[in-house]
Structure formats: C-alpha cells, structure tokens
Amino acid sequence: MGSNFVPLTSRDATPGARYARHLNAAGAALPSETVLGTVIEHLRLEARIGGYEAAEAARERSERVYELAARLIGAEAEDIALTESATVAWHRAIDAMPLRPGDRILAAASSYVSSALHLFELRRSRGIEVEVLPCAADGTVDLSFLAEALRRPAALVTVAHVPTSSALIEPVAEIAALAGAARVPLLLDATQSLGQLPLDVAGIDLVVGTGRKFLRGPRGTGLLYVSPRMRERLHPPHPDVRGATWQSGDAVELAAGARRFETWENAHALRLGLGAALQETLTLGVDTIGRYTAGLAGRLRAALGEMPGVRLTDPPAGGGAIVTFVRDDEKPAETVRRLRAAGVHLVAVPAHHGRWDLERRGLDAVVRASVHVYNDDSDVDALVTALGRRSAPAFVSSAARTDVIVVGAGVHGSSTAWQLAQRGASVVQLDRFPDGHTEGSSHGHIRMIRRAYPNPIWDDLVDRAYLAWAELSAAAGERLLITTGGLYARPAVSTTPGLRGPGCIPVDAARAAEIFPGLRLGDEFGAIYDPAAGVLDAAAAMRSLRELGLAHGVDRRTGCRVEGWSADGEGVTVRTADGLLRADRLVITAGPWTGALVPELADLLRVVRIVNIHIGASDPAAVSAPALGPFSVEVPGVGLLYGLPAFDGSAVKIGLDHGPADDPERPQTPVTAAEAATLLGLARRFLPAANGDVVDSVACRYTMAPRNRFAVGALAGTPQVLVAAACSGHGFKFGPAIGAGLADLALGKQRPDLDFLSPGELG
Ligand SMILES: Cc1cc2nc3c(=O)[nH]c(=O)nc-3n(C[C@H](O)[C@H](O)[C@H](O)COP(=O)(O)OP(=O)(O)OC[C@H]3O[C@@H](n4cnc5c(N)ncnc54)[C@H](O)[C@@H]3O)c2cc1C
C-alpha cells in the first residue's frame with residue numbers, strides 16, 4: 001500500500017470512533033473491531049472450556065504474537081518478552097542489571113515519569129548516579145554532550161523515542177551509535193513510537209513498549225526486547241516458573257531467550273488481542289500509518305499555528321502523530337474539559353509527567369492531541385472549531401457554574417444530559433444514588449414500547465419516541481429495540497375507549513391466539529394487535545446513555561443529593577449535600593422524588609409500588625417471540641396485567657399496573673411471597689407455557705400523574721427551570737425523545753409539540 005492511503009474502513013472498523021472524536025492515541029488508542037473480537041472470543045473460550053485449556057487451544061496463536069512483535073522491530077521472536085505494560089518491561093530490564101554504587105545512568109530529558117521515579121529509587125537503594133542529558137536547540141539529546149559524557153564509564157543510556165509531553169522525536173540511530181561505540185547499553189523507551197514510527201533494534205540493547213497506544217492493542221499489554229548480547233549480562237530479579245526451571249536442590253536454569261523475564265500468569269486474551277493489533281499494524285505498514293498520522297497531525301499543527309491565543313509547544317524536532325499546545329487564556333485542564341464537552345477527546349499532560357522536559361521549557365502542563373488511522377480531517381476541524389470557541393467567563397461566585405444542571409440519572413435525566421452535551425452545552429448531572437441503584441423507576445432488564453395509545457394526542461410523541469430509539473441505538477452501536485408486535489386485551493364488552501393507533505387492528509380471542517400462542521385469552525376478551533410494539537433492552541439503554549453522556553463530557557456525579565434550588569434573573573442556584581452549583585438552566589428529572597423538588601407538582605403526583613416477576617418455562621420458545629410479545633390484559637376485578645418476553649428468551653416478565661402508595665424516602669423492599677403469588681396465579685391463567693419458577697423479581701416505583709399524563713416543560717414563572725415527571729408507568733419508551741425535547745427547551749428552542757404535557761396542563 002503506497003503513499004498516504006489508509007483504508008477508510010479503519011474508522012468504520014473502530015467501534016469507539018462512533019462515540020466521540022478520539023484524539024488520544026498517545027494515551028490509549030481505540031482498538032479495532034478485530035482486536036476487540038479477539039479478546040472477547042478468547043474470554044468466551046476460557047469461560048467455556050477453562051483458562052488453561054483455552055491457553056492450550058490458542059498456543060500457536062500465542063506464539064505468533066512474539067513473531068509479530070519481533071517483525072515490527074527487526075528482532076527475533078526469542079528476543080521478545082511480553083509484559084503487562086511498558087513500565088513493567090522497564091522495571092524487569094533495569095532491575096536485572098548488575099548495578100553497583102556509583103554506576104552512572106545517563107537519562108534523556110525525554111524520559112517518562114515512571115522511568116525517572118525508578119531511577120530515583122535505584123539511586124536511593126543501590127547508590128547509582130543519575131545524570132540528565134542536556135538538550136540541543138531542537139529539543140533532542142545534545143549528542144556532543146552525550147559523546148563527551150560517554151568518555152567516562154557509564155552503566156546505561158536511556159531515552160524515550162518520543163516523550164509523553166511533546167511530539168519530539170529523538171535521534172535514536174545517532175544515540176545508539178554513540179552508546180555502541182562506548183560499549184554502554186542503550187535502553188529505548190518506545191512507548192509513544194511503536195506503531196507510528198519505524199523502529200529497528202540494530203544497535204539497541206533494550207526496548208520497552210506498550211500495546212495500548214499506537215499499536216491499538218488492549219490495555220494491560222506491553223513488550224520488552226532484549227538483545228542476545230544483553231541477555232547474557234542481565235539476571236531476572238524475579239524468576240518464576242515461566243522464566244526458569246527448578247533443576248534440583250537450589251539449581252535454577254533460566255529459560256532460553258527473553259522469556260526469562262516473563263511471569264507465568266498473564267492475560268492470554270489481552271495478548272492475543274495484542275497479536276491481532278500487531279498483525280493489523282504490519283498489514284497496513286508502519287510507514288503508511290506514520291505518513292498518514294504525521295500528515296493529519298501536520299494539518300492540525302498548521303491550523304493551530306494560525307489561531308490567536310493558541311501556542312504550539314512542540315520542540316523544533318517534533319513530528320509524528322502528536323501535537324501539543326496551550327491556550328494563553330486558559331489552563332490546559334480547562335481546555336481539555338471544554339473540548340471533551342464538545343465531544344473531542346484529548347488529554348492535558350501535567351509537568352509532573354515529564355518534569356525534565358516541561359519544567360525545563362517553563363510549562364506547567366500542555367494539551368496533547370494524538371491522531372491515528374481512525375481519525376480524519378473532520379476530527380481536526382472539530383477540534384479547531386471547539387478550541388476557537390471562547391471559554392465561558394467564569395461566574396465569580398461561591399458556586400461553580402455550568403450551562404445546565406440535570407437532576408436525576410434515570411432514563412429521562414440521562415437522555416437529557418446526553419442530548420445537551422451533544423449540542424455543546426456543559427452539563428453537570430447529579431444523582432443521589434450510585435449507578436445501578438434500584439430505588440427509582442428506570443432499573444430492570446426490559447421495557448415495552450407500543451404505538452397503541454388511548455388518545456391520538458400521543459401519536460406525534462410516540463412517533464418521535466421510535467425515531468429517538470433508532471438514534472440512540474445507532475449512537476450506541478447496539479440494538480436496543482426488538483419489534484415483536486403486541487396484543488392489548490380487555491373484555492370484549494368494554495365500551496370505554498381502548499387503545500388504538502396507526503396500524504393497530506382489533507382482533508378477537510381466536511385471532512389473538514394465532515398471533516401469540518403463548519397468551520391464552522378466554523373468548524370473553526377482545527384485543528388490539530399493534531404490529532409496531534416491541535421490547536426495549538432497558539439495561540443496555542441505561543448503560544449506553546451513561547457512556548454516551550460521559551463520552552460527550554457530561555460531568556456526572558452520583559451519590560450527590562440535591563437539597564433544593566432557587567432561581568434568579570441570572571440563572572439557578574442548586575444546593576447539594578456537597579455545596580452550591582450555579583447554572584443557566586436546571587432540568588429536574590427526579591422521578592418519584594419530583595414532588596420534593598417541585599412543590600407545585602407535589603399534590604398532583606402519586607408514588608406507587610410496582611412489582612414484577614420473571615417466570616421460567618420448560619419450553620422457553622413458548623414464552624418468547626414470536627410465540628409471545630408484549631401484552632396487557634384488563635382483568636375484571638383485578639386490574640391491568642401486563643407482560644413481555646425476555647430479550648434473551650429466558651423468562652417472561654409480568655406485573656400489575658397498579659400498587660399501594662409508596663414513600664420514595666424509604667428504601668425499596670424486596671417483592672414479597674404474597675405479591676409474587678398473586679402474579680404467578682395470573683400467569684397460570686393467561687400464560688400456560690410459563691410453567692416454571694419465579695427466576696427473578698423486581699420492586700419499582702411509578703410516579704402517577706392525573707390521566708396518566710406527564711409533566712414536561714418549564715415551570716410556570718421560572719422559565720430557566722424545566723421538569724420532566726414522565727412516568728405514570730409508561731414513560732420509559734419516551735425517555736430518549738423527551739430527553740431531546742428537554743435539551744431543545746433548555747437551549748431556547750420552541751417545542752410546541754410538547755405543550756400538551758406542560759406542567760401547567762397537569763392540574
Ligand atoms: C416495573 C415498571 C415497569 C415499567 N414498564 C414500562 C414499560 O414497559 N414501558 C414504558 O414505557 N415505561 C415503563 N415503566 C415506566 C418507566 O420505567 C418510567 O417512566 C421511567 O423509568 C421514569 O424515568 P425517570 O428518569 O423519570 O425516573 P427515575 O428512573 O426514577 O430517575 C430519577 C432519578 O432522580 C434521582 N433523584 C431524585 N431526587 C434526587 C435528588 N434530590 N438529588 C439527586 N438525584 C435525585 C434518583 O436517584 C433517580 O435516579 C415502568 C416502570 C416500572 C416501575
């Protein structure tokens with residue numbers, strides 16, 4: 001593959017590239033689909049046949065990882081040891097050296113913090129001397145000084161090919177030549193160069209590197225190269241059954257090759273993932289990757305160079321895929337936070353990660369952008385655009401300020417937070433409970449979505465709900481909604497208006513039994529068949545909303561209780577257990593606790609306890625789609641029974657759509673035997689195939705509003721405060737759509753389509 005050609009599929013084949021503009025390959029790059037699949041596949045194999053058995057089955061592929069790593073750097077497979085990280089490799093190499101008091105180690109200013117910290121420890125524990133090599137004008141190691149320094153005995157020269165703190169590229173060949181001529185070993189830290197810059201180990205004794213950066217391998221992988229001549233001079237400090245054999249008595253034989261530096265236990269799945277990443281790197285070619293990433297970084301550097309108030313901080317000898325810079329009017333950490341809010345991921349490198357470099361150049365920290373083959377011009381443009389935006393002037397008060405505060409991390413709060421962050425707003429999201437709590441209304445595996453609604457006034461919002469689920473599924477890269485059709489039954493003699501909707505058709509009990517053989521309705525029932533009804537993977541949706549929000553920079557704080565709020569002409573002050581916060585807008589999506597935070601709605605909202613049970617079946621297919629889909633039955637004298645098949649077909653979930661009043665300030669209590677028995681009795685009547693045991697049960701809360709409506713919109717008299725009390729037992733399906741609506745309203749866009757739900761309407 002010649003010139004700058006990089007397959008466009010690189011981006012498509014990178015799951016993470018769907019989430020945000022990731023310009024942090026020098027931190028941990030996004031792995032490809034193949035790497036991810038390789039790791040998961042081996043974990044599955046371990047789970048299926050056992051860890052040792054899986055390792056045996058994958059032995060050939062594991063061996064290949066050494067060959068691929070060797071090929072990357074022009075070495076032999078036996079010169080390679082695999083480790084958990086570059087730092088572990090660094091420790092293994094240097095701790096194996098016979099260092100004595102007074103031994104001189106010559107370290108470049110480009111050395112990484114962990115290397116420097118280890119050298120300081122060796123100085124303390126072994127009495128070595130650490131000499132930091134000065135830099136030439138272009139920022140690289142001053143070669144004439146090095147030549148001079150090597151005229152006296154030295155134990156080691158160590159240099160980082162590319163430091164963590166800039167785009168500098170050290171002249172490795174020249175340094176290796178000087179060290180070689182002086183017969184002093186050279187340890188090269190290639191953590192930031194493996195995978196983006198060509199490297200040949202000729203003349204180098206030790207190389208350490210990581211898998212997670214430009215190699216795009218999994219975190220927790222690293223490698224160590226030990227030249228054959230160096231191997232004989234080193235003695236592994238911690239030999240174990242992998243790197244040595246216990247001969248007899250206390251006789252020990254070290255393993256051949258560099259594997260003597262390895263330990264037995266390791267993450268085989270990650271190493272196979274590293275193998276897949278190495279294969280991809282070699283297939284694409286480091287030269288090609290290097291040219292592409294240097295080209296893209298060059299474009300970024302040029303654009304930043306034009307921006308007023310932005311200063312490039314790379315030394316003249318910089319290049320490659322990394323670009324560092326600062327904004328004169330902002331701390332790098334704040335720049336990173338703002339860009340993260342705009343969906344652009346990069347990092348700030350503080351001086352304490354590279355003091356020999358940054359302190360010398362008078363920099364407290366720099367912003368570091370680093371590109372890879374899954375990036376393209378649109379990412380560079382997005383960074384430049386977001387960087388150019390003026391940072392919001394800090395509101396000098398006792399309270400930190402943000403654009404919007406969202407109270408609640410249920411389906412409505414998390415949808416709103418993500419939607420706001422996508423639109424570039426800074427968002428602080430607060431929830432009183434930790435992630436995954438079961439005190440509110442959004443927990444549990446699954447939920448039902450349907451088009452069939454009693455009143456046409458809902459139709460537009462139902463349409464928007466389906467569109468919003470499609471948008472969320474696409475953004476999450478996961479199928480969150482399975483369309484199965486649904487049946488909504490009630491006594492055929494009923495005269496009150498029932499469910500209806502576009503595409504919904506009335507059916508009698510016999511036709512209903514054909515549609516869902518798993519549901520047994522007596523002849524006294526009639527039903528509505530809704531072909532668009534389906535099952536939502538609620539757990540995956542909540543996880544995706546959390547991840548997407550975080551990926552777009554939502555400042556999510558769980559375990560933070562809002563105690564109150566007050567509005568004034570400038571915005572809103574929110575009082576939390578942790579202090580005061582200020583914002584332009586406040587969105588309250590507090591579910592069962594809405595009344596406590598919005599007194600004017602307190603009398604209109606009723607919290608009730610709702611329980612569900614999941615029942616197994618001897619024939620799971622009989623209670624799964626297509627034999628059964630979401631359903632409800634108005635059971636005279638009992639109430640509305642509803643249910644839906646499990647997403648994975650393991651059990652059917654049922655519940656009654658009413659329950660006793662509940663106090664959300666009291667912890668949720670488990671489903672009682674009596675509650676389960678009531679539901680089990682109904683299941684035996686309507687779901688003959690659900691003949692198994694109760695395999696799961698969930699207690700939950702509805703926040704009921706008059707006419708089963710919602711309150712969505714600005715509070716009367718305080719337009720800067722919005723609320724969504726959107727439950728009444730049917731709010732989940734509307735989560736993503738209402739989140740988008742609240743984001744529009746919070747950012748000043750009119751949404752007349754939601755007027756029918758405005759809080760003032762509720763009374
Ligand atoms: C058993 C059951 C089955 C359901 N089935 C369906 C279905 O099939 N289809 C459907 O569409 N809908 C269904 N629903 C309804 C739906 O689940 C809810 O309408 C929806 O989850 C409500 O979400 P929410 O974000 O408004 O509230 P919640 O999920 O309750 O979130 C509110 C959050 O606000 C936080 N909070 C509250 N007060 C404070 C405070 N002072 N400070 C900080 N944080 C605070 C809480 O900790 C909580 O996390 C069902 C509900 C239940 C209970």
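Seen against the Cα atoms of the chain and their longest principal axis, helix 332-341 is set at about 40 degrees.
Could you tell me the distance between the Cα centroids of the stretch 315-393 and the stretch 499-560, to the nearest Å? Spelled out, the Cα-based centre of one part sits 44 Å from the other. With axes computed from alpha carbons, what is the tilt in degrees of helix 735-746 against the longest principal axis of the chain, rounded to the nearest 10 within 0 to 90? So the inclination is approximately 80 degrees. If exposed chymotrypsin sites (Phe, Trp or Tyr not before Pro) are those in a DSSP loop with at most 12 other Cβ within 10 Å, what is the longest stretch of the chain that has none? It runs 265-763. Relative to the longest principal axis of the Cα atoms of the chain, the long axis of helix 411-422 makes an angle of roughly 50 degrees. Taking N as the residue count of the chain, its C-alpha radius of gyration divided by 2.2 N^0.38 Å amounts to 1.14. For the chain, the share of DSSP beta bridges that are antiparallel, to the nearest 5, is 70%. Classification of the stretch 563-611 by its C-alpha gyration tensor yields a prolate form. The axis ratio a/c (a ≥ b ≥ c) is 1.5 or more, and a/b outweighs b/c. Averaged per residue, the stretch 78-264 has 39 square angstrom of accessible surface, using a 1.4 angstrom probe with ligands and nucleic acids left out. The Cβ shell under 12 Å around ARG557 holds other residues with a net charge of -1, Lys and Arg each +1, Asp and Glu each -1. The order of the peptides 547-556, 266-275 by mean Cβ neighbours within 10 Å, most packed first, is 266-275, 547-556. The local environment of ALA86, defined by Cβ-Cβ distances under 12 Å, has a net charge of +2 under the rule Lys, Arg +1 and Asp, Glu -1.
Taking all protein chains together and a 1.4 Å probe, the residues LYS213, LYS749 rank LYS749, LYS213 from largest to smallest accessible area. Within the stretch 316-376, none of the trypsin sites (Lys or Arg not before Pro) combine a DSSP coil assignment with at most 10 other C-beta atoms in a 10 angstrom radius.
Share of carbon and sulfur in the accessible area of the stretch 78-264 stands at 55%, probe radius 1.4 Å.
The values are calculated or read from the model by the stated rules, or taken from the named source; none is laboratory data. Being a predicted model, the structure only gives us computed values, none of them experimental. All Cβ positions, even for glycine, are placed from backbone atoms using ideal geometry, and neighbour counts span all protein chains on display. Please note that ligands, DNA and RNA were not included when accessible areas were found on the heavy atoms of the full protein model with its side chains. Shrake-Rupley method; radii C 1.70, N 1.55, O 1.52, S 1.80 Å.
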